[in-house]
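Derivation of every value follows stated rules applied to the coordinates shown; laboratory data play no part. None of the values given here were measured: they were computed from a predicted structure. As a convention, Cβ positions derive from the backbone with ideal geometry for all residues, glycine included, and neighbour counts pool all protein chains shown.
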Amino acid sequence: MFMRLILLGPPGAGKGTQAQRLVHHYGIIQLSTGDMLRAAVAAGTPVGLKAKDIMASGGLVPDDVVIGIISDRLEQADAKDGFILDGFPRTVPQAEALDRLLQSKDFALDAVIELRVDESALLQRVENRVAEMTERGEQVRADDKPEVLSQRLASYRALTEPLIRYYSERSKLLTVDGMMAIDDVTRDIRRVLRRSGVPMSKFGVRRW
Ligand code: ADP
C-alpha cells in the first residue's frame, strides 16, 4: 500500500501504538520524531544535547531542529513508499515546513488521522504505560511523570491543537475516537481510510 499519513493527538492518545499497527497492516514506515529525539539523546549527539532538557521538562524542541531531522529522514530511500508521521508536525510552522518539503518532492499528503481522547483519561494511560514498562524491565521515559505530563498537555493545547483546524481547512482531517479499545481504534482508522479512498497500491490503483 502507498500512503502518506500523519497521526495527531495529545500525549497518551495512542499514536505510537496505532502507528505500529498501521506499519504492519499497510507495510509503510513509521517516522516518530519522539523516538528519533530519544535516540539522539541516548547517543549524545549535538541534537540530543539540545533536546534532552527540553524533552524532560515537557516542552517542545525548536522547530528548526525537528524540521531538519524530518527533512533528512524523508531523503532516505524507504520514505519513497509512503510513511506515517507520528509526533510531527507539532506546530503550525512545522506543518508549513512539511508542506514545503513534500511539495519540493512532488509528494502529496493523503490524510491526517486525529485520535480524539478525553483529557481526563490521559494521565491514567501514561501511568499504565509506566507500570507496563517497569514490569518489562524497560527504562521509563524521563517525561512520563505526572508533573511533566501536565506541561506536555499544555504544549499540546497551545501549539499542536491548532493543527486540527489547519488540516481540516485543507480537507485532510479524519477524526477517530481514541477512547475505544486498541483493536477498535485500529479498525476504525482502517475504516475511515478506506472510506476516504486513501489506501492505494504502489501502482496507483485505489483498493477498497
Ligand atoms: P508524546 O507521547 O508526548 O506524544 P513523543 O514521543 O512524540 O511523545 O515526544 C516526546 C517529546 O519529544 C515531546 O514532549 C517533545 O519534547 C519532543 N518532540 C517530539 N516530536 C517533536 C516535534 N515535532 N517538535 C518538537 N518537539 C518534539
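Dividing the radius of gyration of the alpha carbons in region 90-185 by their Kirkwood radius gives 1.04 for Rg/Rh.
Spread over its residues, the convex hull of the C-alpha atoms of the chain is 122 Å³ per residue. Normalising the average separation of contacting C-alpha pairs (under 8 angstrom, six or more residues apart) by the number of residues puts the relative contact order of the chain at 32 percent.
Between R116 and D64, residue separation times 0.36 nm minus the direct Cα-Cα distance comes to 16.0 nm. On the basis of the beta-carbon distance and an R0 of 35 Å, E127 and R100 show a calculated FRET efficiency of 0.35.
Sorted fewest first by neighbouring Cβ atoms within 10 angstrom, M133, M36 come out as M133, M36.
Could you pull out every whole DSSP H run in the chain that spans at least 30 Å of Cα extent along its own axis and averages -0.5 or higher on the Kyte-Doolittle scale? Kindly include the intermediate steps, with their values, before the conclusion.
Details: long enough: none.
Counting only whole DSSP H runs, no helix qualifies.
Mean projection of the Cα convex hull over all viewing directions, computed for region 93-138: 5.6 nm².
Where does each of I182, I67, I6, I164 land when they are ranked from fewest to most other beta-carbon atoms within 10 angstrom?
On the way: I182 12, I67 21, I6 25, I164 16.
Lowest count first: I182, I164, I67, I6.
Report the full-extension gain for the segment S57 to A39: residue separation times 0.36 nm, less the Cα-Cα distance, to one decimal in nm. Could the numbers behind the result be given before it?
Values: separation 18, 0.36 × 18 = 6.48 nm, distance 1.72 nm.
That pair, S57 and A39, stretches by 4.8 nm at full extension.
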